[in-house]
Structure formats: C-alpha cells, structure tokens
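Structure record follows, encoded as structure tokens.
None of the figures in this text is laboratory data; all of them are computed from the coordinates on show. Every value quoted in this text rests on a predicted model; they were computed, and no experiment measured them. When we count neighbours, we look across all protein chains shown, and the Cβ atoms used for this are built from the backbone with ideal geometry, even at glycine.
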Amino acid sequence: MAELPKRIVKETQRLMSEPAPGISASPHEDNLRYFDVMIQGPVGSPYEGGCFKLELFLPDQYPMEAPKVRFLTRIYHPNVDKLGRICLDVLKDKWSPALQIRTVLLSLQALLSAPNPDDPLAEDVAKAWRENEAAAMATAREWTQKYAQ
Amino acid sequence: MAGSGAATVPRNFRLLDELDRGEKGSADGTVSYGLADPSDISLTNWNGMIVGPPGTPFDGRLYTLAITCGDNYPIAPPLVRFVSKVSLSCVNASTGAVEPRSFRPLGQWSREYTIETVLAELRREMCQPNNRKLPQPAEGSSF
C-alpha cells in the first residue's frame, strides 16, 4: 500500500487544526485524497448566510497538478456552471505547487465575494450579471436561500 | 485501497472526466453519450447512442440507451437499458435491459471500464454472428 505523501498529510493536519474562517475541509476515511468542503457565503456578498458544500480531490500528480474542486450545492454565479464546475485561474493555468488546498479554498471564498462575469463558465448567468447586476445579485440571494441552507 | 497514497479517483470526478470525453465525442463517432439532464449535479442519468455497424442488420440505425450510474459507480457497473427496440442475445426482449450475466463487460465489471467501454462493446455485440441472424424490429420503435 503506497503511503499518502507527507505534503498531503501535513496540509490535512493543518486544515483540521487551524481551519480558515468560514471554511472547513475534512478527508473521507476511505479516500484521504478526497475532501468534503464547506464554505460559508462571505458577509456582504449575495451568498451571505449560505453554506456551500463542495468536493475536492487531489490527483496522483498533486501538487504538480491542481486539486479538482466542484460545488455540490447549487449556486447562481457566473464562474460556476450547472454541474458545479468552477472557472478559476488557480485551478487551471495559474496553479503552482507553491499553492495549497487552503489557498484554493480561500480563492474560492474570494470568488464568491467577487464574481467575474468577464471570464464566465455559465454564459447565461454572466450575461444576466453584465446586463443588470442588481437583478442578478437578487437571484443569487434567492438561490442561496433556496439551496444553501 | 483505503487510505492508500495512490489516488483513487472518486465517483463524481471520474464521471466528470467521462462527461468531458463524451462531450468531445469518441474518435470514430460510432458511440456517444452525455448527461440526460445537463443540470444533474448527481451525474446519475445518462443517454447513450450507438451507430449500427456497417454490413450488419443494424447498419444505418441509431440506437438510444439509458444508462444509470449509481452511488457505487465505478466500483459497481452502471445499469444499461436500450430505449430503441433491438434484438440482441444480451438484451432483455421485453424491457430492453442489458443483462449482466450475458454481457461480460457488465457481468465481469472492472472499475477501469467506462460508459464508453460499455457502448463500444455493445456495438461489437451487434457484429457477432449469433446477433446478426436475429430478426430486428422495425426502425424507430421503442421498448
């Protein structure tokens, strides 16, 4: 049985012992590379008051390759598609082995505070965001109430 | 397996990879597949399509299938059912279900197999001598 790389063990220990505010991540017992993640909607964002479930997986090549992350809670956000897939630079071309699970989760929390409709994944949501930001944020708040409690 | 350092790709990320490949289409275009509902976060229900192999009674027909990937996929095989009516030795004649006991890729499932494997192997079944002899239902009928 191959051992879990030290780096992953250390990151996991630190995630559990010093969780970032509003974020929790814990590995599955039967797959220590697979994490249940919870991110609280940032205060002042349309996601405030919501609790968003995500899943995160560290592929074989981690940390040379970025973690894979997906929302499991439905969310109205221009950078998240209907299946919860996320468009975020640090998960793609801006990934660096110097980053960690923690930095990824903090970046996701920041993405909730600052949606980026100019680099969309959900084209319809991004369009709504560009055309009428107030209305789009109202929809995001509704979805938060409906799905993220 | 459990707690092992070698990565075991969990169900959802495995299915997201399959979805990516399915959206690009198989290299030769003979089978295709995708989510039945494009907003199904649980990634459970899929549609499959097989183009009947040339030179067989299935030639020129498009076969639609319904594929269900349960919570235990890919440890457990998917449930596979023909929606388009077809006569094949491994397909239940009244329900369209592909019977694992007469279709090896499901009966002797391995987690390396994918939805694409199942569809490609079903297409191979259509080329087998025993299946080529079977009278086929009218085109366009459904189970």
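Per-structure values
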quantity: Centroid-to-centroid separation of segment B:89-113 and segment A:1-80 [C-alpha atoms, Å]; calculated: 37
quantity: Whole-angstrom gap from segment A:128-149 to segment B:44-81, using each part's C-alpha centre; calculated: 38
quantity: Test item: B:46-59 mean partner chain Cβ contacts at 10 Å; calculated: 0
quantity: Dipole of chain B, positive end: most advanced residue of B:Asn92, B:Gly107, B:Pro135 [Cβ charges, Cα centre]; calculated: B:Pro135
quantity: Simple spin-label estimate for B:Ser87 and B:Arg132 in nanometres, 7 Å along Cα-Cβ; calculated: 1.6
quantity: With eigenvalues of the C-alpha gyration tensor scaled by 5 and rooted, the protein assembly as shown, Å; calculated: 41, 24, 15
quantity: Other protein chain Cβ atoms within 10 Å, averaged over every residue that makes up B:7-15; calculated: 6
quantity: Overall dimensions of segment A:6-147 as given by Cα atoms, namely Rg and Dmax in Å; calculated: 15.1, 48
quantity: Charged-residue dipole, Cβ positions (Lys, Arg, Asp, Glu), segment A:11-149 about Cα centre, Debye nearest 20; calculated: 160
quantity: A:Glu123-A:His28 FRET efficiency (beta carbon distance; Förster radius 22 Å; 0.05 resolution); calculated: 0.10
quantity: Chain B shape via C-alpha gyration tensor axes, a/c threshold 1.5; calculated: prolate
quantity: Within chain B, longest stretch clear of exposed GluC sites (Glu not before Pro) (DSSP loop, no more than 16 other Cβ within 10 Å); calculated: B:1-111
